[in-house]
């Protein structure tokens, strides 16, 4: 991994103790920006860590400034706000992105970052498209197609930030060996696939055409219909008509997940839908969605979305 420093390079070199292990070079190609006040560039890349398939950049936009509208043809980009109140544009849509939220850009998506009355600080994480497909193919144990993510995301954003910070800090302390770099890249790609909704996600009820094995289709239908019930592996085996071994193996092959994990995601999705679309009591929603206790529901929901059910509802104006 090469560390790229753009401000106070010598000080950072000394503080990090990297010595000659890190390569201090200029970025090859970045979006062009207009000059700010006094001819100063309003865009600063304070620090960047570059690996073979991924890169992490600390990105600063001066107050009342923006970078140019641009895209990346071969990379996914995750933009995570760290300071200020940035607005972000994806294609023709502009939103304010607050702490705990993120913008995930698929290759070819036009985007830019705006700062308001104060300087905006962001972390940008880049993942090579071909590498992400390789990770997804490994999950499915078959060739994965193209992947397109839902651009706006929230919940568990800190997991991206902490993993990115860990990658940078580990590299600053000691150069990583090849195995360590590969593990970090694999972890970043896996986290993106697990936390961000997109075309790679488990097939929904209206998209069962993506599952071509009739036994797995029956199992998925049952999970959709009875996600609030105490489903067991024996019940899934009974409906699917295949053994436990083949059910688990084929389910993972067809969907990328185990039946248990798929069921957990359906319960969380149902709970989120009820929180957003109704004013039902949160305890009622917990049991209605299939959780055995309010505490279990709150823990699972916060792990998935980075906020408790009550906080999530409050953020969306529901009481």
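The values are calculated or read from the model by the stated rules, or taken from the named source; none is laboratory data. Remember, it's a predicted structure, so these values are computed and weren't measured experimentally. Note: ideal-geometry Cβ built from the backbone for every residue, glycine included; neighbour counts use all protein chains shown.
For the reader, a short list of remarks on this structure follows.
- On inspection, residue 89 does not qualify as part of a strand (DSSP E or B) and within 24 Å of residue 168 (Cα to Cα).
- Selection count, segment 132-147, where residues are at pLDDT below 85 and not in a helix (DSSP H, G or I): 6
- Members of segment 289-305 found to be farther than 29 Å from residue 193 by Cβ and either touching a residue at least 40 places away in the same chain (Cβ under 8 Å) or not in a helix (DSSP H, G or I) (or both), listed by number: 293
- From the list 130, 106, the one residue that fits, being out of contact with any helix residue (DSSP H, G or I) (no Cβ under 6 Å at 6 or more places or on another chain) and under 27 Å from residue 304 (Cβ atoms), is 106.
Per-residue answers, yes or no, for (1) modelled with pLDDT of 80 or more; (2) surrounded by fewer than 17 Cβ atoms within 10 Å (Cβ to Cβ):
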{"position": "22", "(1), (2)": "no, no"}
{"position": "29", "(1), (2)": "no, yes"}
{"position": "36", "(1), (2)": "no, yes"}
{"position": "39", "(1), (2)": "no, yes"}
{"position": "45", "(1), (2)": "yes, no"}
{"position": "56", "(1), (2)": "yes, no"}
{"position": "64", "(1), (2)": "yes, yes"}
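- Here the condition is being modelled with pLDDT of 90 or more and loosely packed, with under 14 Cβ neighbours inside 10 Å; of 278, 296, it holds for 296 alone.
- Among the residues making up segment 39-62, those that are in contact with a helix residue (DSSP H, G or I) (Cβ under 6 Å, 6 or more places away or on another chain) and in a strand (DSSP E or B) are 49, 54, 56.
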